[in-house]
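*Asks:* Please see the structure below; I have some questions.
The values are calculated or read from the model by the stated rules, or taken from the named source; none is laboratory data. Please read these numbers as outputs of a predicted model, since none were measured by experiment. Every residue, glycine among them, receives a Cβ derived from its backbone with ideal geometry; neighbour counts consider all protein chains shown. We work out accessible area using only protein heavy atoms, side chains counted, and drop any ligands, DNA or RNA first. Shrake-Rupley method; radii C 1.70, N 1.55, O 1.52, S 1.80 Å.
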Amino acid sequence: MHNLIQTVLQSDEKAALGQLIQQLSDSNKQYFLRNEILHAFADYCQQSQKPAYFFHSSALGQLVDYTHEVILEDDQIWILLRPWVGSQEIWQVSLDLSQVNLMPPKALLEVRDRYVKRDQPQILEIDFGPFYESAPSINDPRNIGQGFAFLNHYLCSQVLANPGYWLEILFDVLHRHQHDQMSLLINDQIRSGVELARQIKQAIQWVSQCPPDQPYSELHARMQVLGFEPGWGNTAGRVSDTLELLERLLDSPEPTTLQAFVSRIPAIFRVVLISIHGWVGQSEVLGRPETSGQVAYVLDQARSLEAKLHEEIHLAGLEFLGIRPQVTVLTRLIPNCEGTLCSLQREKILGTDDAWILRVPFREFNPKVTQNWISKSEIWPYLESFALDAEQLLLSQLGDRPNLIIGNYSDGNLVAFLLSRRLKATYCNVAHSLEKPKHLFSNLYWQDLEDQYHFSAQFAADLISMNAADFIITASYQEIVGTPESMGQYESYKLFTMPHLYHVVDGIDLFSPKFNRIPPGVNDQVFYPSSQADSASLKERDRVSNLLFDQEHERILGKLVQPEKIPLLAIAPFSPVKNLTGLIECFGRSKDLQARCNLIWITNKLHPQEAIHTDEANELEKMHALLNEYQLHGQIRWISTRLSDPDLGEAYRAIADRNGLFLHFARFEALGRVILEAMVSGLPTFATQFGGALEIIEDYQNGFLINPTDLEETAQKIVHFIEQCDANPKYWYEISERAIQRIQDEYNWQLHSRQLLSLAKTFGFWNYVHHQNREALQRYLEALFYLIYKPRADLLLEQHLQRI
């Protein structure tokens with residue numbers, strides 16, 4: 001960036017930069033974000049009658065494009081540049097443009113503190129950088145999120161560099177491998193890596209002479225004499241293949257061989273998935289509006305993992321030992337459960353052999369609080385004691401420690417950190433939706449927002465858990481580092497200030513191989529296209545179709561005057577981020593949309609008095625005002641109800657039967673479970689371009705990306721699609737088929753579970769090799785937990801104790 005800045009300052013464009021800075025200064029603001037800077041530059045180019053190339057192709061145009069923040073302070077200009085995704089540079093430029101200095105990250109944090117008049121001379125600095133210095137790191141930003149492939153290459157290069165050392169390491173790992181005190185893979189007959197290599201050849205020679213389909217139980221006695229225990233395969237053919245993979249790995253290590261071998265090793269038997277704050281239940285109680293997507297995700301993941309573990313145990317030849325997988329969803333028990341089963345300690349997960357929801361109550365610091373549902377923003381005081389209580393119940397249920405712990409959302413991940421530390425289990429972090437980037441300047445003004453959101457505890461919990469995790473899975477690349485135009489969710493934790501609390505000068509290594517993109521799947525038993533429906537489904541669809549288009553009820557607003565119009569469907573809870581009001585305004589402004597379409601949305605609330613938070617109440621009030629302003633009551637259906645997943649599947653298909661469309665109008669969406677559901681159900685989908693949909697949808701190929709802040713352009717894009725369908729009736733079906741194929745190929749639970757378990761095995765091995773480095777990091781995280789997180793959580797607990 002230094003060369004680009006010098007090019008601007010040493011050319012005629014220096015004057016243009018000075019005029020742009022003056023234009024910003026004249027706005028009586030000090031702090032500018034990327035969109036504001038781009039708009040100011042566009043205005044400057046227009047007013048100054050610059051040629052068209054100047055905005056995009058001049059050196060100043062390129063500099064402005066890289067600029068994400070500008071802060072004007074006295075006689076200094078502070079510029080945050082982002083040369084590429086995952087990288088940030090801070091530059092200090094004198095107001096007269098005569099001096100330019102590259103500054104350390106802490107300098108920008110101090111400027112931000114001064115901007116909100118909350119600076120102080122000394123403040124705690126959190127820096128995770130040193131803990132990642134000796135670890136392997138991805139170099140190319142395009143490969144961020146592909147940590148598994150990177151680590152396989154790295155491990156193979158290490159084996160090549162020092163094969164004797166790594167042979168002994170591999171021997172040690174295999175030799176220690178047990179389940180319930182039963183040795184697996186190799187026994188004490190083999191005492192070193194050298195002996196292992198020799199015995200592999202003997203075992204291959206012997207077993208290759210057996211019939212390929214001969215069951216392992218008949219091979220067991222002879223294999224034990226050779227030094228091998230169960231786990232290599234369920235038949236002679238599979239045992240031979242697995243041993244040959246290991247032999248090939250030792251002779252000529254290659255990433256594909258390592259991946260294939262690791263995927264066959266039975267290392268995961270007990271899995272715990274943690275989701276704390278939602279109503280984690282089944283049959284009509286699938287979460288609350290703020291967490292329903294997370295609860296559905298966790299239950300679908302649990303079912304898929306159990307099925308995959310059954311398959312792996314069978315193929316490894318361990319069934320004759322009585323080994324079976326155990327999958328547990330850990331959540332909180334809610335005594336006042338409003339008629340649901342959320343007060344039940346154990347509940348079997350439907351569609352599984354032996355997967356359970358285990359509910360653990362919060363300790364009763366104040367029963368008036370702890371016996372009821374607690375919002376995700378206020379749950380922080382109870383997580384440490386919950387983890388301690390859950391540990392004992394988990395060990396009792398599982399019979400031994402879990403092999404893998406998967407945390408979900410900020411609270412579930414903090415509990416996962418505490419449990420994995422105590423139980424020595426591999427820890428997988430899943431967030432998908434982090435609160436910090438959703439709320440602009442939430443860290444800078446945290447003190448003003450503390451009473452409502454308690455971000456001081458949440459952001460500390462996020463920092464601790466994401467750095468504690470052995471690996472992190474995301475649904476998209478954008479989730480990690482965003483796009484050239486916007487920062488990713490995890491990237492927002494790289495550098496930030498909590499004035500009067502702490503500075504984060506390096507919060508997470510975005511180039512760490514711990515980041516892995518593994519998209520979730522869709523429940524294909526519920527969400528599928530109309531062409532796959534049976535007679536029972538058609539009957540249920542008639543009932544759901546009546547709800548969508550005709551039924552009158554106190555929880556439904558609007559009666560369609562022309563129900564034959566093309567239906568536009570949206571599904572979202574009420575929040576500013578989900579932006580249902582933006583969708584209504586878009587529809588209300590477009591006469592073309594109103595002439596051709598009806599708008600139907602399914603949500604969680606109908607009246608402002610039902611709102612839990614101020615933001616929610618404001619959105620509801622705005623919604624009613626927009627409906628009256630644009631006189632839309634004869635063209636809309638506002639359905640306030642919680643549909644079960646089967647009914648939701650029928651709703652998508654009912655809209656598809658009428659050649660309708662699905663709209664997702666969020667200002668930001670990390671992934672969007674409903675996007676996947678709608679597409680695999682065959683609905684042409686228009687989804688926000690801000691977030692994970694960029695990776696799900698190929699614009700104009702299998703769906704459409706929209707800018708929810710540009711209402712006119714979005715309306716035109718929808719109308720243009722409808723006009724194309726009028727001209728070519730096959731076009732709707734072409735997009736529908738491509739959408740279905742896209743989700744079925746890339747977003748399925750079988751693929752997700754296979755990749756997740758391979759990751760868990762690989763990172764478990766990696767952490768075994770680098771145990772000492774991890775211990776130093778864990779000590780640092782414990783210090784942050786007790787010095788930062790716990791005091792903030794205790795302050796909230798004091799407030800809860802005073803509630804009557």
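*Asks:* Tally time: how many residues in region 72-94 are under 19 Å from E491 (Cβ atoms) and among the β-branched types (V, I, T)?
*Replies:* 3
*Asks:* Shifting gears a bit: Taking R114, is it out of contact with any strand residue (DSSP E or B) (no Cβ under 6 Å at 6 or more places or on another chain), open to solvent by 30 Å² or more (accessible area, probe 1.4 Å) and either part of a helix (DSSP H, G or I) or under 30 Å from P266 (Cα atoms) (or both)? Before the answer, list the steps.
*Replies:* Details: out of contact with any strand residue (DSSP E or B) (no Cβ under 6 Å at 6 or more places or on another chain): yes; open to solvent by 30 Å² or more (accessible area, probe 1.4 Å): yes; either part of a helix (DSSP H, G or I) or under 30 Å from P266 (Cα atoms) (or both): yes.
Considered against the rule, which asks whether it is out of contact with any strand residue (DSSP E or B) (no Cβ under 6 Å at 6 or more places or on another chain), open to solvent by 30 Å² or more (accessible area, probe 1.4 Å) and either part of a helix (DSSP H, G or I) or under 30 Å from P266 (Cα atoms) (or both), R114 comes out as yes.
*Asks:* Please specify each residue of region 166-217 satisfying the condition of being in contact with a Pro (Cβ under 9 Å, 6 or more places away or on another chain) and aromatic (F, W, Y).
*Replies:* W166, Y216
*Asks:* Next question, about the same structure. So which residues in region 528-546 are open to solvent by 30 Å² or more (accessible area, probe 1.4 Å) and of a type outside the set (S, T, Y)?
*Replies:* Q532, D534, A536, L538, K539, E540, D542, R543, N546
*Asks:* Still on this structure: Inside region 563-574, can you point out the residues that are open to solvent by 10 Å² or more (accessible area, probe 1.4 Å) and closer than 18 Å to R658 by Cβ?
*Replies:* Hits for region 563-574 are P563, E564, K565, I566, I571.
*Asks:* With respect to H800, is the statement that it is under 25 Å from the mean Cα position of the chain (by Cα) and either surrounded by 15 or more Cβ atoms within 10 Å (Cβ to Cβ) or at negative phi (or both) true?
*Replies:* No.
*Asks:* One residue is enough: does region 286-302 have a residue meeting the conditions among the β-branched types (V, I, T), in a helix (DSSP H, G or I) and either on the phi > 0 side of the Ramachandran plot or free of Cβ contacts under 8 Å to residues at least 40 places away in the same chain (or both)?
*Replies:* In the first step, residues of region 286-302 are kept if they are among the β-branched types (V, I, T); the result is 291, 295, 298.
When the remaining residues are screened for being in a helix (DSSP H, G or I), the result is 295, 298.
Narrowing the set further to residues that are either on the phi > 0 side of the Ramachandran plot or free of Cβ contacts under 8 Å to residues at least 40 places away in the same chain (or both) leaves 295.
Within region 286-302, one or more residues are among the β-branched types (V, I, T), in a helix (DSSP H, G or I) and either on the phi > 0 side of the Ramachandran plot or free of Cβ contacts under 8 Å to residues at least 40 places away in the same chain (or both).
*Asks:* Residue under question is I379, and the condition is that it be open to solvent by less than 10 Å² (accessible area, probe 1.4 Å), among the β-branched types (V, I, T) and over 25 Å from F785 (Cβ atoms); does it hold?
*Replies:* When the stated conditions are applied, I379 does not pass them.
*Asks:* Of a type outside the set (K, R), at pLDDT 95 or above, within 21 Å of G649 (Cα to Cα) and open to solvent by less than 10 Å² (accessible area, probe 1.4 Å), is that true of F686?
*Replies:* Answer is yes for this residue.
*Asks:* Suppose we filter region 481-495 for residues that are in contact with a Leu (Cβ under 9 Å, 6 or more places away or on another chain) and crowded, with 23+ Cβ neighbours inside 10 Å; how many remain?
*Replies:* 6
*Asks:* State all residues of region 652-681 that are under 23 Å from Q301 (Cα atoms), of a type outside the set (S, T, Y) and outside any strand (DSSP E or B); if no residue qualifies, say none.
*Replies:* Once the filter is applied, which keeps residues that are under 23 Å from Q301 (Cα atoms), of a type outside the set (S, T, Y) and outside any strand (DSSP E or B), region 652-681 yields A670, L671, G672, R673, V674, I675, L676, E677, A678, M679, V680.
*Asks:* Could you please let me know if R332 is of a type outside the set (S, T, Y), out of contact with any Leu (no Cβ under 8 Å at 6 or more places or on another chain) and part of a strand (DSSP E or B)?
*Replies:* Yes: the conditions hold for R332.
*Asks:* Shifting gears a bit: Condition test on N618, is it closer than 25 Å to I706 by Cβ, polar (S, T, N, Q) and open to solvent by 30 Å² or more (accessible area, probe 1.4 Å)?
*Replies:* yes
Matching residues to (1) open to solvent by 60 Å² or more (accessible area, probe 1.4 Å); (2) touching a Gly at 6+ places or on another chain (Cβ under 7 Å); (3) of a type in the set (G, A, S):
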| site | (1), (2), (3) |
| --- | --- |
| D65 | yes, no, no |
| I90 | no, no, no |
| Q99 | yes, no, no |
| P141 | no, yes, no |
| F150 | no, no, no |
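*Asks:* Looking at this structure, is G703 surrounded by fewer than 24 Cβ atoms within 10 Å (Cβ to Cβ) and at pLDDT 95 or above?
*Replies:* It is false that G703 is surrounded by fewer than 24 Cβ atoms within 10 Å (Cβ to Cβ) and at pLDDT 95 or above.
*Asks:* Considering each residue of region 478-521, count those that are aromatic (F, W, Y) and touching a strand residue (DSSP E or B) at 6+ places or on another chain (Cβ under 6 Å), and give that number.
*Replies:* Count: 3.
Quick grid of which residues meet (1) under 26 Å from the mean Cα position of the chain (by Cα); (2) free of Cβ contacts under 8 Å to residues at least 40 places away in the same chain; (3) closer than 17 Å to I5 by Cα:
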residue: V70; (1), (2), (3): no, no, yes
residue: E73; (1), (2), (3): no, no, no
residue: W84; (1), (2), (3): yes, no, yes
residue: D113; (1), (2), (3): no, no, no
residue: D127; (1), (2), (3): yes, no, no
residue: N143; (1), (2), (3): yes, yes, no
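*Asks:* Continuing with this model, one more query. Name the residues in region 387-425 that are farther than 19 Å from L777 by Cβ and either in contact with a Cys (Cβ under 6 Å, 6 or more places away or on another chain) or not in a helix (DSSP H, G or I) (or both), would you?
*Replies:* The answer is G399, D400, R401, P402, N403, L404, I406, N408.
Residue-by-condition table, conditions (1) out of contact with any Lys or Arg (no Cβ under 6 Å at 6 or more places or on another chain); (2) surrounded by 21 or more Cβ atoms within 10 Å (Cβ to Cβ); (3) modelled with pLDDT of 95 or more:
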{"site": "V526", "(1), (2), (3)": "yes, no, no"}
{"site": "V561", "(1), (2), (3)": "yes, no, yes"}
{"site": "P576", "(1), (2), (3)": "yes, no, no"}
{"site": "C586", "(1), (2), (3)": "yes, yes, yes"}
{"site": "Q594", "(1), (2), (3)": "yes, no, yes"}
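*Asks:* Also, quick follow-up: Which residue, of K368, K348, K376, is basic (K, R) and under 30 Å from L33 (Cα atoms)?
*Replies:* K376
*Asks:* Being farther than 14 Å from L315 by Cα and either open to solvent by 40 Å² or more (accessible area, probe 1.4 Å) or free of Cβ contacts under 8 Å to residues at least 60 places away in the same chain (or both) is the filter here; which residues of region 258-269 pass it?
*Replies:* Q259
*Asks:* Taking region 15-35, which residues are open to solvent by less than 70 Å² (accessible area, probe 1.4 Å), part of a helix (DSSP H, G or I) and either in contact with a His (Cβ under 7 Å, 6 or more places away or on another chain) or not β-branched (V, I, T) (or both)?
*Replies:* Listed by number, the residues that qualify are A15, A16, L17, G18, L20, Q23, L24, S25, R34.
*Asks:* Is there a residue being at positive phi and surrounded by fewer than 18 Cβ atoms within 10 Å (Cβ to Cβ) anywhere in region 353-373?
*Replies:* Quick first cut of region 353-373, residues at positive phi only: none.
No, because not a single residue in region 353-373 is at positive phi and surrounded by fewer than 18 Cβ atoms within 10 Å (Cβ to Cβ).
*Asks:* Kindly indicate whether E168 is under 44 Å from the mean Cα position of the chain (by Cα), of a type in the set (D, E) and open to solvent by 40 Å² or more (accessible area, probe 1.4 Å).
*Replies:* Values: under 44 Å from the mean Cα position of the chain (by Cα): yes; of a type in the set (D, E): yes; open to solvent by 40 Å² or more (accessible area, probe 1.4 Å): yes.
It is true that E168 is under 44 Å from the mean Cα position of the chain (by Cα), of a type in the set (D, E) and open to solvent by 40 Å² or more (accessible area, probe 1.4 Å).
*Asks:* Count, please, the residues in region 707-755 that happen to be without any contact (Cβ under 8 Å) to a residue 60 or more places away in the chain, under 21 Å from G582 (Cα atoms), part of a helix (DSSP H, G or I) and among the acidic types (D, E).
*Replies:* Final tally of qualifying residues: 1.
*Asks:* Can you tell me which residue within region 195-227, out of those that are among the polar types (S, T, N, Q) and within 16 Å of E244 (Cα to Cα), is surrounded by the most Cβ atoms within 10 Å (Cβ to Cβ)?
*Replies:* Per the stated criteria, the residue is Q199.
So that you can scan it fast, the table gives a plain yes or no per residue for (1) modelled with pLDDT under 95; (2) under 19 Å from the mean Cα position of the chain (by Cα); (3) surrounded by 24 or more Cβ atoms within 10 Å (Cβ to Cβ):
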position: G412; (1), (2), (3): no, yes, yes
position: K424; (1), (2), (3): yes, no, no
position: C428; (1), (2), (3): no, yes, yes
position: L434; (1), (2), (3): yes, yes, no
position: H439; (1), (2), (3): yes, yes, no
position: L444; (1), (2), (3): no, no, no
position: Q447; (1), (2), (3): no, no, no
position: S465; (1), (2), (3): no, yes, yes
position: Y477; (1), (2), (3): yes, yes, no
